[in-house]
Structure formats: C-alpha cells, structure tokens
1. Would you mention how many residues in region A:321-355 are within 30 Å of A:P157 (Cβ to Cβ) and either modelled with pLDDT of 85 or more or loosely packed, with under 13 Cβ neighbours inside 10 Å (or both)?
2. Scan region A:244-292 for residues that are over 22 Å from A:N127 (Cβ atoms) and either touching a helix residue (DSSP H, G or I) at 6+ places or on another chain (Cβ under 6 Å) or surrounded by fewer than 16 Cβ atoms within 10 Å (Cβ to Cβ) (or both) and jot them down.
3. What do you reckon, is A:V309 within 16 Å of RNA strand B (Cβ to nearest atom), outside any strand (DSSP E or B), open to solvent by less than 50 Å² (accessible area, probe 1.4 Å) and not polar (S, T, N, Q)?
4. Return the pair list, or none, for Cβ contacts closer than 6 Å from residues in region A:204-232 that are in the same structural domain as A:F253 (by TED's automatic domain parsing) to residues that are aromatic (F, W, Y), at least 6 apart or on different chains.
5. Specify which of the listed residues (A:E220, A:E249, A:E240, A:E173) is part of a loop (DSSP other than H, G, I, E, B), of a type outside the set (G, A, S) and either at pLDDT 85 or above or farther than 22 Å from A:A138 by Cα (or both).
6. Looking only at region A:200-243, how many residues end up being among the polar types (S, T, N, Q), open to solvent by less than 70 Å² (accessible area, probe 1.4 Å) and more than 18 Å from A:L169 (Cα to Cα)?
7. Among the candidates A:P136, A:P80, which residue alone is crowded, with 21+ Cβ neighbours inside 10 Å, at pLDDT 90 or above and more than 21 Å from the chain's Cα centre (by Cα)?
8. Here are A:A379, A:A374, A:A348: which of them is touching a residue at least 40 places away in the same chain (Cβ under 8 Å) and either among the β-branched types (V, I, T) or not in a loop (DSSP other than H, G, I, E, B) (or both)?
Amino acid sequence: MPELIQPVRGTQDYYPEEMAVRSWLYAKMREVSEAFGYQEYDGPFLERFDLYAAKSGAEIVEKQSYVFEDRGGERITLRPELTPTLARMVAARQRQLNYPLRWWSFGPFWRYEKPQKGRTREFFQWNIDLIGDDSPEADAELATIAATFLKNVGFKPTETQVLVNNRALMQTELEALGIPSALRSSVFGLIDRKDKLSSDAWQKYGTELGLDATQLMGIEALVGNQDLWKKSESLQRFFEAIAVQGVGEYVHFAPHIIRGLDYYTGTVLEAWDTAGEFRSIFGGGRYDDLVNAVGGDPVPAVGFAVGNVVISLLLEALGHSPAINKAPAPIYVTLFDKHQVPDSLQLATELRAAGLKVTSHLSPDKLPKQFRQADRVGARLVLILGPEEIQNKTVSVKDLGSGDQRVLPRAEAAYYIKHWLEGKKPA
RNA sequence: GUGGAUGUAGCUCAAUUGGCAGAGCACCGCACUGUGGAUGCGGUGGUUGCGGGUUCAAGUCCCGUCAUCCACCCCA
C-alpha cells in the first residue's frame with residue numbers, strides 16, 4: 001500500500017459531522033444577515049499582495065500571509081482577511097452603488113500561523129459590513145447583529161458577550177494625559193496587553209515606550225473606568241440604540257478593547273466567552289479611511305468578522321452543538337435478493353418522484369445487515385419488497401422507532417408513507 | 001518566529017528497574033436463511049509517527065525529523 005499522504009499543516013478535513021456544523025453556522029449567518037437586510041457577496045480568494053500592504057496589520061501582511069509569484073511574475077496573496085477586498089470592490093464601483101451598502105459573505109481565508117487550538121491556517125469567516133453610514137446607530141446595528149447571532153446559535157448572555165470601545169474616545173483621553181499622537185499606536189498595544197501582562201511587566205513596558213508614572217496611572221484609570229463611555233456622545237447614542245433593540249444583556253462597554261488592526265478609526269468590538277477560556281470569537285469595528293486608502297473617495301464603514309473555528313469549539317464546550325442530521329433520507333429501501341433489483345429501484349424512484357428522500361440498498365445482503373445499516377444511517381422507515389409483496393402488489397414498511405410494521409398497497413405507498421412520516425400512522 | 005509537553009489497534013488508553021505489545025469501545029461473523037438496537041460467544045485489526053544510534057534484547061534509553069497540543073507573538 002502506498003504511504004498515506006498527509007494533509008497540509010493547519011488545514012481541516014470536514015467529515016460529514018464537521019461539515020454539518022459548518023453548514024449550520026453558515027445557515028445561521030445567512031438567517032441573521034438577511035433578517036437585517038444584508039446581501040450576500042464574495043470576492044476572489046487571490047489578491048495582489050499590494051492590496052494588503054500598509055492596510056492590514058503589519059504582522060498579518062509580512063509574516064502570516066501566503067504569498068507567491070504566479071507564472072506571470074505577479075505577487076499574489078491568498079486572502080488573509082476580506083475587508084481590503086471589500087474596500088477595493090466598493091472603490092471600483094463607487095458611483096454605481098446605492099448607499100448605505102449592507103453586505104455579508106462567508107468563505108475561506110488563509111494565514112500562515114502556528115496551528116493551535118482554535119487557530120488553523122485555513123479557516124472560514126463570516127464578514128458583515130455596513131458601508132456609507134457614519135452614525136453611532138450604524139455601529140449599534142452591527143453590534144446588534146453580532147448579539148443576535150450569538151443568541152440564535154444558542155449562547156446565553158452569561159456565556160458570551162460583545163465588548164465595545166471607541167478608539168476616538170480613547171485617543172481624546174490619551175491626549176488629555178499628554179501622550180503624543182506619535183505614540184498612539186504603541187499605547188493602544190499597551191492597553192491591549194493590560195490583562196495579559198503582570199502589573200510589573202506592564203509598568204515596565206509602558207516606561208519603555210516613554211510614558212511617565214502619571215501617564216501610566218492615567219491609562220490604568222482609563223482601562224478600569226466602566227463609565228468612561230458616558231463621556232462620548234457617540235457611545236451614548238450607541239448604547240441607547242443597543243438597549244432599544246433588546247440586546248443590552250449581550251453588549252457591554254470595555255475600555256481595554258482596542259484591536260490590533262491599524263485601519264480601525266472609531267468603534268471597535270470583540271466577542272468573548274465570559275469564562276475567557278477561548279480566543280476571541282469575533283472582532284471588528286469602524287474603518288472610515290479604508291476605501292480611500294485603496295484608491296476610492298472616503299466612505300465610512302463598519303463591520304466585523306467571525307471565524308468558524310473558535311465558535312465551533314465553544315459551541316461544543318458549552319453543549320450547544322447542533323443536532324446533526326445523520327439521515328439525509330428517512331426512507332430506506334432494502335433489496336430482498338438480486339432478482340428484486342429492478343423492482344426495488346423502481347419503488348425508490350416512485351417514492352422520490354413523490355418528493356420523498358430515499359436511500360436504496362444496492363447489494364443483496366442479508367436482511368439483518370440491511371436493517372442494521374438503515375438503523376445506522378438514521379432512517380426512520382424501512383421498506384421491504386420480497387416475493388410476497390411483489391405477488392400481492394404491496395410493500396412492507398417498518399418504523400424503526402416504534403417497531404410497528406404494516407403492509408401497504410404498492411400503488412398508494414407514497415401517499416401513506418408521507419402521512420406516516422408526519423406522525424399519522426395508516427390504519 | 002520563541003519556549004515547553006506528548007506521539008502504542010479506527011477511537012480512548014495500559015504495558016514494573018529495557019525482557020513474549022494488551023484492554024475497553026468500534027468493526028466483522030455466529031446464535032437469528034423475511035427484520036435493526038439488547039445479550040452471549042468467537043474473530044479481524046500493530047513495521048509502537050518516521051529515520052538513525054546504544055544494547056544479547058528498545059514501546060521504554062540517546063540523537064534527528066514530522067505531527068499534535070500548550071504558553072508566548074499575533075489574531076477569526
């Protein structure tokens with residue numbers, strides 16, 4: 001036997017059980033997106049390297065992207081995120097589009113990282129964006145969508161939360177502390193690490209950035225101030241809109257949320273499991289300068305992205321995994337012996353023509369084996385077409401759940417079986 | 001990219017100071033030639049991740065390599 005070829009590191013095989021979860025998530029994403037009037041779109045999986053240069057986080061572009069040269073000598077990148085593509089698409093048709101745009105997408109992305117729990121090199125993301133509206137209500141709509149999604153997949157407010165902050169507010173506060181704007185990006189990094197570093201290490205890091213003790217104390221006070229949002233008119237309106245839309249339990253202000261990507265300009269949001277045992281479930285925010293950065297006129301935009309990996313792990317850990325539909329077909333047609341092949345296939349065909357989902361057993365195995373197979377694939381009704389039934393123009397039907405068995409006239413079998421599946425047993 | 005842990009049957013795991021590679025589950029068969037799940041009995045299944053070294057003898061010790069996991073980094 002030849003050696004088994006290993007899958008590419010960091011990729012995931014989706015066996016039917018895993019695929020069922022992915023499809024279920026996709027369906028939930030579609031449901032929530034459409035409930036808020038968003039349209040599905042997609043971009044190419046390959047983009048020019050230049051699209052990401054200086055627009056995404058430096059780490060993502062320089063270290064984590066799959067970059068290669070194609071046969072024509074172009075530097076091509078497997079997309080590590082969707083937002084630059086979205087900005088490019090908007091910029092390309094800027095005058096033809098009706099704003100605000102409400103767009104969503106679900107597809108694969110690639111990042112060359114060290115695989116760990118909740119982090120793969122190939123993963124799927126739901127992206128949803130509202131483009132052309134700079135109001136706090138637009139930010140709140142995205143946060144509401146995020147909260148609705150968490151709710152719809154089964155998470156309770158005690159299990160997962162959407163945490164929100166505003167970079168503009170933080171920037172104003174940092175300026176009030178006398179922190180120069182040149183340090184803004186690195187100070188955001190410092191805030192991001194507040195929970196991750198020990199107090200001493202954090203102080204030391206801050207000092208190295210050039211901050212004095214008063215400024216560090218000021219930042220600490222900021223990050224600990226749960227009422228800070230009240231200073232921002234934008235966040236006041238944001239939380240008002242959140243409350244009205246009934247998702248206040250899920251959405252909370254969190255001054256330490258700042259996000260790593262450079263292109264965020266205002267509201268930023270992340271979702272976490274409240275126990276803090278997993279990576280962030282999703283992240284996003286307002287990026288008003290990005291369309292301009294890829295060559296379009298300035299357009300305000302806000303959006304977020306959800307990866308499929310962490311949320312799948314979390315669903316499983318909290319017992320919210322969807323019941324997977326093992327049986328694509330509730331009807332199982334056995335094959336009595338090789339002489340009945342044409343009759344059995346015809347029976348299955350008739351039932352399918354009547355709109356039923358039917359699996360045909362194709363090899364003349366012993367009936368016990370066929371029943372076991374039917375049971376394993378999760379069929380509800382097993383049909384037997386043997387010499388007796390053919391003689392009498394009937395078909396025997398057994399309900400695997402209850403054990404009931406009836407003999408039905410062949411001509412009306414589809415009619416009775418439909419009713420049987422709906423819970424009404426034939427007399 | 002840095003540091004650490006672990007790789008034994010399809011799965012979960014055993015195997016004393018180096019001394020015949022095992023169990024449960026799963027799978028297959030029989031009891032039961034027109035009826036699944038339950039029970040009993042039997043059976044298949046392994047180059048111990050891969051490569052090298054030490055040794056009379058390696059799953060066990062040493063080196064390398066690959067993979068997985070964990071903590072950093074970053075992030076979905």
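1. The total comes to 2.
2. If the condition is that a residue be over 22 Å from A:N127 (Cβ atoms) and either touching a helix residue (DSSP H, G or I) at 6+ places or on another chain (Cβ under 6 Å) or surrounded by fewer than 16 Cβ atoms within 10 Å (Cβ to Cβ) (or both), then A:V244, A:G246, A:G248, A:E249, A:F253, A:P255, A:H256, A:T274, A:A275, A:G276, A:E277 are the ones that fit.
3. The answer is yes for A:V309.
4. Pairs that qualify, where the first residue is in the same structural domain as A:F253 (by TED's automatic domain parsing) and the partner is aromatic (F, W, Y), are A:W229/A:F253.
5. Of A:E220, A:E249, A:E240, A:E173, the one residue that is part of a loop (DSSP other than H, G, I, E, B), of a type outside the set (G, A, S) and either at pLDDT 85 or above or farther than 22 Å from A:A138 by Cα (or both) is A:E249.
6. Total meeting the criteria: 1.
7. Result: A:P136 is the single residue among A:P136, A:P80 that is crowded, with 21+ Cβ neighbours inside 10 Å, at pLDDT 90 or above and more than 21 Å from the chain's Cα centre (by Cα).
8. Every option except A:A374 fails the conditions.
The values are calculated or read from the model by the stated rules, or taken from the named source; none is laboratory data. This structure is a prediction, so every number in the text was calculated from the model and none was measured. Quick reminder, even Gly has a Cβ in these numbers, built from the backbone with ideal geometry, and neighbours come from all protein chains shown. Surface accessibility is based on the protein's heavy atoms, side chains included, excluding ligands, DNA and RNA. Shrake-Rupley method; radii C 1.70, N 1.55, O 1.52, S 1.80 Å.
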